[in-house]
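K.L.:
Mind looking over this structure? Questions follow.
No value in this document is a laboratory result; all are computed from the given coordinates. Computed from a predicted model, the values in this text were never measured in an experiment. So basically every Cβ, Gly included, is an ideal-geometry build from the backbone, and we count neighbours across all protein chains shown.
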């Protein structure tokens, strides 16, 4: 193999499928993975549509993608990786300090790199590529019973898993999830599997709410503007609220909907600019506000739950596109009305 296909963003609205030299192993711990499936994330869409994601601005061509699974094409030279042909998911964070035991959690390590991120210059290429080179420590073996396609969804499921962990005890409690995107739907299904008494999901569109119901939400609420109290917006307070929309309106709804001594978990990425927050509402009800950012070691338990049948990610997938049709896939993902659009490689 001399070259491979890669899904590349070059600036706002500029997405292409390019041929690039096939990667080669460089160090003793390097592994080559043949990517088979990749999930298009909101971050990928933001890089494509706006040329940026938060404070990270695209300044040079960058391969997108951090939700991927596939099989090992070439094992590591040090003999410590699984053998060729093994099905794996890839943890997208590379944090040498964390591996050494001298650094913070991977998800908050300022020195860590993330697949498909423009946070650094040069950027860190992602894994929307036929073959990708990664360190063996980023590999997560897919247990028996987990389809390779579903393995790509272990990444967003790990984000949701960490968020629900950060919420603390949800068994027997009332839960509100603001935002019915893939993360919100995964949060809802995890809360139900952990014994939440009720799980309500709110969104501004009906299609994602239908997916939320399919994934275990006990009720859903449609609102024209979830931040203004329009008809359908939740007014009853809950014990636990997880804000998964990343919107200012969603944050307003989340604060308003958290009950006395309740827990509010911030999951969706808010705009990097300062924004007004109803601090008095938080203080007067002694709301505990907990941030949750990406994930650290959650992929292991997520894959175990998928293998054990307690976490079903399948209903999230709404469409699959060959990698050559990446522009059409991104357009579909931006207008899918919820769910996950997948790219297929190795065909």
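K.L.:
Which of these values of volume of the Cα convex hull per residue in Å³ was calculated from the structure shown: (i) 216; (ii) 131; (iii) 170?
P.N.:
Read-out from the structure maps to (ii).
K.L.:
By per-residue mean of other Cβ atoms within 10 Å, what is the highest-first order of 150-156, 198-204?
P.N.:
Put in order of decreasing packing, that is 150-156, 198-204.
K.L.:
Using the alpha-carbon centroid of each, what span in Å lies between the stretch 126-177 and the stretch 202-220?
P.N.:
Comparing the Cα centres of the stretch 126-177 and the stretch 202-220, I get a distance of 21 Å.
K.L.:
With the contact rule set at Cα under 8 Å and sequence spacing of 6 or more, what percent relative contact order holds for the chain?
P.N.:
Normalised by residue count, the contact order of the chain is 17 percent.
K.L.:
How far, in nm, would the chain grow between residue 105 and residue 78 when pulled straight, counting 0.36 nm per residue and subtracting the alpha carbon separation? Could the numbers behind the result be given before it?
P.N.:
Values: separation 27, 0.36 × 27 = 9.72 nm, distance 2.57 nm.
My answer for the length gained is 7.1 nm.
K.L.:
Could you tell me the largest-minus-smallest coordinate of the C-alpha atoms of the stretch 157-291 on each of the three principal axes, in descending order and whole angstroms?
P.N.:
Each principal axis gives a Cα extent; for the stretch 157-291 these are 35, 30, 28 Å.
K.L.:
Does a label point 7 Å from the Cα of residue 214, set along Cα-to-beta-carbon, have any residues of the stretch 184-200 with amide nitrogen under 20 Å, and which are they?
P.N.:
Under 20 Å, as judged by backbone N against the label point of residue 214, lie 184-193, 199-200 of the stretch 184-200.
K.L.:
Note the angle between two axes, namely the Cα long axis of helix 154-167 and the longest principal axis of the Cα atoms of the chain, as a number of degrees from 0 to 90, rounded to the nearest 10.
P.N.:
So the helix axis and the longest Cα principal axis differ by about 30 degrees.
K.L.:
Separation between the residue 24 and residue 236 pseudo-spin-labels, each 7 Å from Cα along Cα→Cβ, expressed in nm?
P.N.:
For residue 24 paired with residue 236, the spin-label model returns 6.4 nm.
K.L.:
A further question on this structure: If you line up the long axis of helix 299-308 against the longest principal axis of the chain, both from Cα atoms, how many degrees apart are they, to the nearest 10?
P.N.:
Between the helix axis and the principal axis of the chain, the angle is about 80 degrees.
K.L.:
For the chain, what does -39500 (n - 2.57) per DSSP helix run (n ≥ 4), summed and divided by total residues, give at 222 nm, in deg cm²/dmol to the nearest 500?
P.N.:
Helices in the chain give a 222 nm mean residue ellipticity of -7000 deg cm²/dmol.
K.L.:
Shifting gears a bit: Roughly how many nanometres apart are two label points built 7 Å out from the Cα toward the Cβ at residue 119 and residue 280?
P.N.:
Taking the two extended label points, one gets 3.7 nm.
K.L.:
Just grab the label-to-label distance for residue 57 and residue 205, each label 7 Å out from Cα along the Cβ direction, in nm (one decimal).
P.N.:
Going by the 7 Å Cα→Cβ label model, 2.9 nm.
K.L.:
Using 0.36 nm per residue of separation minus the Cα-Cα distance, give me the extension gain between residue 50 and residue 334 in nm, one decimal.
P.N.:
Difference between extended and current length: 101.0 nm.
K.L.:
I've got another one for you. Hey, with R₀ at 25 Å, roughly what FRET efficiency would residue 137 and residue 165 work out to, going by the Cβ-Cβ distance, to 0.05? Each step should come with its number before you reach the end.
P.N.:
Numbers: r = 22 Å, r/R0 = 0.88.
Efficiency at R0 = 25 Å is approximately 0.70.
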